[in-house]
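Notes follow once the structure below has been shown.
Nothing in this text is a laboratory measurement; each read-out follows from the coordinates by a stated rule. Quick caveat: nothing in here was measured; it's all calculated off a predicted structure. All Cβ positions, glycine included, derive from the backbone under ideal geometry; neighbour counts span all protein chains shown.
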Amino acid sequence: MTGAVSAAKHEFKAEIKQLLDILVHSLYTNKEVFLRELVSNASDALEKARFESLRGSEAADADLPLEIRITFDRDKKLLVVSDTGIGMSREELMENIGTIAKSGSAEFLKKAGEDKGGLESLVGKFGVGFYSVFMAAREVVIRTRSIRPGEPAVEWRSDGLGTYEITDIDQEIKRGTQVVVHLKEDAEEFADNHRVTAIIKKHSNFISYPIFVEDERVNTIPAIWREPKSSVKKEQYEEFYKFLTFDSEAPMATLHVSVDAPVQFSSLLFIPRQASDLPGFGKDRYGLDLYVRRVLIERGKKELIPEYLGFACGVVDSEDLPLNVAREALQENALLHKMSSVLTRQLLSYLRKMATEEKERYLDFWNTHGRLFKLGYSDYANQEKYAELVRFNSSRFEDAKGLVSFDEYIERVRPEQKDIYYVFGPSREAVALNPHMEIFRAKGIEVLFLFDHLDEFAMESVRKYKDFEFKSVEHVDPASLEKFETLEAPKETEPLGEEDKAVFAAFLARIKDILGERVTEARVSGRLSESPCCLVNPNDGMTSSMQKILQIVSKDTSIPKKVFEVNQNHVLIRNLFAIYKANSADDFMGAAVEQLFESSLLLEGYLKDPHEMVSRMQDILNKSSGWYREVTKG
């Protein structure tokens, strides 16, 4: 080499040799990460040079702009990454290149042995940064000159096969570092303008120093999350959101967060106007993009945000996380958990403020993202904040569009009411037919309507809000509601006499005899005013809808045994009672009781085969239509 002096040849340590052998000879599908590592190293060198300048240290080539330049020669299969950073002396070159992989190479080798098919995802996560260049290089040459005046330029050269050579050179080169990559035959794509530009935009787009590819700057979008909120305009947020998500609409909301303690990071979160996925589907699609000092480490990092807040998208940039860190270590990193905790609290606080100060806007949010948000019932650390934000339709509204919070429900409770009542049903129409609702309508007590099984999981998990317990209408003892005034008077029916009361007990026993082991008992209902009968759980166990969910999971097709309650004031029950008094063994009574029981099963979703019910109903209609014809002859 012209002007070369003090050439010295060195062997890599055994561990580094093994690492290089894997990188050189293994097959990779994502070799592009080597370029990210080279650019990240260049950015670090520029930051160190800037720091020395701020300290007022004497610097070689002090007037050089801080920048990164990438050039290539397709014919010669060359890729060159240059920076005007701090540079290195001979000793620093040996130390830095020799130790870049020191902390992570052993773990990398372990993981590489376990899963060679996915090695490319490990590069850059174990501190092997610079060495990843050998995935694409048949030879690498580093020419560097330290920022300290008077230090000679140094050249490092290796083919990655076991040795490297360091040479002092007396060429006049500027301060900084130049990495010349002689590309392998199968890596010629990295000597292409479009390919290199795309890689920079993907991984290094927000590095604060200019990156030029063949003299054209490619990182033109600023990392606005690093800027003070007061200096960022709404239009800039919208432009960045559209760049990040490819959404044509502006976001519903923007949350710009800068945190100094307990961990230092900046984040920019957006709430889209449209929901992307339903809970349980596309689980890999949520998460925030994790940057370390503006360098992308991982897209869609799920550990940064709980799934129920997965409607939010955006970026998180940390100063405290190491740039090169194992994926497993990153998942267990205490700083990462702290960041997630802070982001969760910040987002919940933002939503609470929206719900308090901009109710209509919050309802828009709920109607769009509420179903995903409901999954937060399992976030026990933030359960109170979660409970403040959930919304439900209720009996207070005329249609399913109205929504109420727990606080709003509590403002309207009846005197002495200590429970928040709810009922599950697939629709308002279905809920209206639920016999358990009749006593609540009569008393004028508001009931929350749960149309989604997630709602019921939320109620079961949260259990109470402030001083109020959550209670399903199925589990309410009618006696506990007697203290509340009846606002809707029941239809007047002649009460049973003392003699009839004794006979009615036998009538109930006959009903139990007809239904047999399918019910635990037959009794008079204190909850019904409109329906002739209903089924009631014999204890305060799970609701019918929860029972069905568990039965589906366990593939249990049995029908749970319940109490059969009858409304002794209903005209149908009075008619059956009259038939019983005339003839306790009358077949019509048996058919009617079976019909009432299966109708109750149908309402609760337990009736598996309706054929017998339909046949029986037709037979009853035949008999009753004949009676009706005779009555109306006159």
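Side notes on the structure shown:
- Put a dot 7 Å past the Cα of Ile620, heading toward its Cβ, do the same for Lys483, and the two dots end up 3.9 nm apart.
- Positive minus negative residues near Ala198 (Lys, Arg vs Asp, Glu; Cβ under 10 Å): +1
- Fraction of beta bridges assigned by DSSP in the chain that are antiparallel (%, nearest 5): 75 percent
- Sorted largest first, the principal axis extents computed over the alpha-carbon atoms of segment 498-631 equal 51, 36, 25 Å.
- Fewest-first ordering of Tyr237, Tyr131, Tyr422 by other beta carbons within 10 Å of each residue's beta carbon gives Tyr237, Tyr422, Tyr131.
- Note on Arg414 and Ala505: the model spin-label points, each 7 Å out from Cα along the C-beta direction, lie 3.0 nm apart.
- Computed from backbone phi, the HN-Hα couplings of segment 569-576 come to 9, 7, 4, 5, 5, 5, 5, 5 Hz, rounded to whole numbers (Karplus: 6.51 cos²θ - 1.76 cosθ + 1.60, θ = phi - 60°; Gly and Pro given as x).
- Listed by Cβ neighbour count within 10 Å, with the fewest neighbours leading, Thr632, Thr368, Thr356 appear as Thr632, Thr356, Thr368.
- Sparsely packed trypsin sites (Lys or Arg not before Pro) within segment 456-564, loop by DSSP, other Cβ within 10 Å at most 15: Arg463, Lys466, Lys483, Lys491, Lys555, Lys561
- Residue separation of Lys48 and Gln236 scaled by 0.36 nm, minus their Cα-Cα distance, works out to 64.7 nm of gained length.
- All Cα-Cα separations within segment 224-361 were binned at 5 Å from zero, giving a P(r) of 2, 9, 19, 24, 22, 14, 7, 2, 0, each value a whole percent of the pairs.
- Cα gyration tensor shape of segment 391-481, rounded if a/c is under 1.5, else prolate or oblate by comparing a/b with b/c: rounded
- Inter-centroid distance (Cα atoms) of segment 484-514 relative to segment 397-455, Å: 27 Å
- A Cβ-based charge dipole, computed about the Cα centre of segment 473-626 with Lys and Arg at +1 and Asp and Glu at -1, lands at about 340 debye.
- Burial ordering of Trp156, Trp366, fewest other beta-carbon atoms within 10 Å first: Trp366, Trp156
- Rg/Rg_ref, the chain, where Rg_ref = 2.2 N^0.38 Å and atoms are Cα: 1.45
- Partner lysines for Lys581 [C-alpha distance under 22 Å; skip if fewer than 8 residues away on the same chain]: Lys501, Lys512, Lys623
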